[in-house]
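The values are calculated or read from the model by the stated rules, or taken from the named source; none is laboratory data. No experiment lies behind these values; they were computed from the predicted model shown. Cβ placement follows ideal geometry from the backbone for every residue including glycine, while neighbour counts extend to all protein chains displayed.
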Amino acid sequence: MDRSERLEPLLVRIERAAELTAISRAKAYQLVASGEWPSLRIGRSRRIPLVGLRSWLERRTADDGRGD
């Protein structure tokens, strides 16, 4: 792999997912607790798969664009 290539993490902490989506940490934890954000437990830690976070954002963007 070329050194100039950057690997994107597959999983992020809830706090990082909140930063990436520009929402509060508390709201991020609510989204995880409600099951709206996909997450998985690794030991005692909870992580958010970036692919799932992107999928959630795409669905939300599409929903908001319908004018409901």
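Output yes when any residue across region 10-21 is at positive phi and either surrounded by 11 or more Cβ atoms within 10 Å (Cβ to Cβ) or modelled with pLDDT of 95 or more (or both), and no when none is. I'd like the intermediate steps shown before the answer.
Keep residues of region 10-21 that are at positive phi, which gives none.
No, region 10-21 contains no residue that is at positive phi and either surrounded by 11 or more Cβ atoms within 10 Å (Cβ to Cβ) or modelled with pLDDT of 95 or more (or both).
Looking only at region 44-64, count every residue that is within 13 Å of R13 (Cβ to Cβ) and without any contact (Cβ under 8 Å) to a residue 12 or more places away in the chain and tell me the total.
1
Is it the case, given these coordinates, that R46 is basic (K, R) and in a helix (DSSP H, G or I)?
For R46, the condition - basic (K, R) and in a helix (DSSP H, G or I) - is not met.
Could you please let me know if A62 is hydrophobic (A, V, I, L, M, F, W, C), assigned to a helix (DSSP H, G or I) and at pLDDT below 95?
Details: hydrophobic (A, V, I, L, M, F, W, C): yes; assigned to a helix (DSSP H, G or I): yes; at pLDDT below 95: yes.
So A62 passes the test.
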